[in-house]
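Participant: Below you will find the structure I want to go over with you.
The values are calculated or read from the model by the stated rules, or taken from the named source; none is laboratory data. Being a predicted model, the structure only gives us computed values, none of them experimental. Glycine gets a Cβ as well: all are built from the backbone with ideal geometry, and neighbour counts include every protein chain shown. We work out accessible area using only protein heavy atoms, side chains counted, and drop any ligands, DNA or RNA first. Shrake-Rupley method; radii C 1.70, N 1.55, O 1.52, S 1.80 Å.
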Amino acid sequence: MRAGPRRQHLLPPQDNRAAMGYQRQDPVIPPQRDLDDRETLVSEHEYKEKTCQSAALFNVVNSIIGSGIIGLPYSMKQAGFPLGILLLFWVSYVTDFSLILLIKGGALSGTDTYQSLVNKTFGFPGYILLSVLQFLYPFIAMISYNIIAGDTLSKVFQRIPGVDPENVFIGRHFIIGLSTVTFTLPLSLYRNIAKLGKVSLISTGLTTLILGIVMARAISLGPHIPKTEDAWVFAKPNAIQAVGVMSFGDLFENYCRNDDLVTFGRFCYGVTVILTYPMECFVTREVIANVFFGGNLSSVFHIVVTVMVITVATLVSLLIDCLGIVLELNGVLCATPLIFIIPSACYLKLSEEPRTHSDKIMSYVMLPIGAAVMVFGFVMAITNPQDCTHGQEMFYCFPDNFSLTNTSESHIQQTTQLSILNISIFQ
């Protein structure tokens, strides 16, 4: 039969379909619109992957650095500057080593989370203990962030010309409530932590700006502030407490309220802690979801749990305005076992390496050190609590005690004597 007007195509001899009498069809070429849509979908997928990676990076940086870097001078003062530097490097190394132990423990137990590792190693009691510690540590951090935001921003708003310092709308209670409703609660209601990527980027940028302000004031004010007699003492009795509070303290309490540059720094600091707050809320909610809801929260329970956690944290921060001892206890009783004790204990129980293996030797060293930090840190926090001086002006902020234009020897001697009566701490 003669073929119609259809154009014929030459078939390769190896095509069995031609031998069976099948007529080859023209290759289906998708319309240009379909190609464009497919390319758009692929591009959007790649863009989302890159966006998620960037968001994860910013969230990690914000959670590691965060606003806690502002409190490092307080730890240095507690421990003694030389020993404080050594402790900082030591805690960093121990933290890194603990992460390695967690990874190795997960590989040995076939688990991929901290909670599942402890559950596999020590059973349900260990799982509950870890969950309690994982909840308390960020929850108390949420409370401290509220208090810092309220105290810091209230000083900022008091600097507005014509504003009554006693105005209730610039008080710490109103600021805590307003920041909770307008910022921390909406941001904490996100289900995906990647949504906080841009927020973490802003927070990290503000932290860098704050460090610049602190360094500028260190250069401009340093020569005019009396030297501390024991500033370069290698070690102080509160060194153990310094380990527990390496991430807490408020450096801006040491600056005068009438300093405009520092006022701007306080504003940046207040915004930073507000933007860091949701990171802690995500952790507390995740712990609750894993313990009580099998790791999954419905939309309704997601909102309910978030609102309950933030409400309790807000109420506590409204009732308490000095968390010095609580933060110290949080560090020695929560952070220490999470970093020192539990990872080492899990690895020692799971690993079949000989006792002379380097990882086991380090684990055997970390266990008693962690226990000692817990015990002695707790005793010292109870018997030697730190003074709560937040909100008080430093002695050098008063005109009679300090003047940038008068730095005579007699004046410095006078301010040095006054420093004995006015305890200056980075808190």
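Participant: Based on what the data block shows, is Phe282 under 28 Å from Asn192 (Cβ atoms) and either without any contact (Cβ under 8 Å) to a residue 12 or more places away in the chain or under 26 Å from the mean Cα position of the chain (by Cα) (or both)? Before you say what the answer is, go through the steps one by one.
Facilitator: Values: under 28 Å from Asn192 (Cβ atoms): yes; either without any contact (Cβ under 8 Å) to a residue 12 or more places away in the chain or under 26 Å from the mean Cα position of the chain (by Cα) (or both): yes.
Yes, satisfied.
Participant: Determine the pairs where a residue that is more than 20 Å from Ala289 (Cα to Cα), located within region 179-194, has a partner that is part of a helix (DSSP H, G or I) and open to solvent by less than 70 Å² (accessible area, probe 1.4 Å) with Cβ atoms under 6 Å apart, the partner being 6 or more residues away or on another chain.
Facilitator: That search, which allows pairs on different chains as well, returns Ser179/Ala149; Ser179/Ile274; Thr180/Thr314; Phe183/Ile274.
Participant: Given region 71-157, what helices (runs of 4 or more DSSP H) lie entirely inside it while holding 1 or more residues that are surrounded by fewer than 17 Cβ atoms within 10 Å (Cβ to Cβ) and not acidic (Asp, Glu)? Write out each step before concluding.
Facilitator: Working: elements: 72-79, 81-109, 114-157.
Answer list for region 71-157: 81-109, 114-157.
Participant: Now for a separate question. Step by step: first the residues of region 273-293, then only those that are within 13 Å of Pro186 (Cα to Cα) and among the aromatic types (Phe, Trp, Tyr), then the one that is least open to solvent (accessible area, probe 1.4 Å). Which residue is that?
Facilitator: Looking at the filtered set, the residue picked out is Tyr277.
Participant: Separate question: Just to be sure I understand the filter: pairs with C-beta atoms under 9 Å, separated by 6 or more residues or on different chains, first member in region 322-347 and under 18 Å from Thr113 (Cβ atoms), second member in a helix (DSSP H, G or I) and among the acidic types (Asp, Glu). Which pairs pass?
Facilitator: Tyr347/Asp359
Participant: Right, another one. Condition first: open to solvent by less than 30 Å² (accessible area, probe 1.4 Å) and over 19 Å from the mean Cα position of the chain (by Cα). Can you find one or more residues in region 177-199 that meet it?
Facilitator: So far as region 177-199 goes, yes, one or more of its residues are open to solvent by less than 30 Å² (accessible area, probe 1.4 Å) and over 19 Å from the mean Cα position of the chain (by Cα).
Participant: List the number of the failed condition for Asn401; all other conditions in (1) at pLDDT below 85; (2) out of contact with any Leu (no Cβ under 9 Å at 6 or more places or on another chain) hold.
Facilitator: Of everything listed in (1) at pLDDT below 85; (2) out of contact with any Leu (no Cβ under 9 Å at 6 or more places or on another chain), Asn401 misses just condition (2).
Participant: Given (1) open to solvent by 20 Å² or more (accessible area, probe 1.4 Å); (2) under 18 Å from the mean Cα position of the chain (by Cα), where does Asp164 come up short, assuming only one miss?
Facilitator: Checking Asp164 against (1) open to solvent by 20 Å² or more (accessible area, probe 1.4 Å); (2) under 18 Å from the mean Cα position of the chain (by Cα), the one that fails is (2).
Participant: Only residues that are within 21 Å of the chain's Cα centre (by Cα), in contact (Cβ under 8 Å) with a residue 60 or more places away in the chain and open to solvent by less than 20 Å² (accessible area, probe 1.4 Å): list them for region 252-272, please.
Facilitator: Residues of region 252-272 that are within 21 Å of the chain's Cα centre (by Cα), as a first pass: 252-253, 265-272.
From the residues that got through so far, the ones that are in contact (Cβ under 8 Å) with a residue 60 or more places away in the chain too are 252-253, 266-272.
Passing the criteria: Phe252, Glu253, Arg266, Cys268, Tyr269, Gly270, Thr272.
Participant: Let me ask something additional. Evaluate the following for Leu88: is it modelled with pLDDT of 70 or more and over 26 Å from Leu206 (Cα atoms)?
Facilitator: Numbers: modelled with pLDDT of 70 or more: yes; over 26 Å from Leu206 (Cα atoms): no.
When the stated conditions are applied, Leu88 does not pass them.
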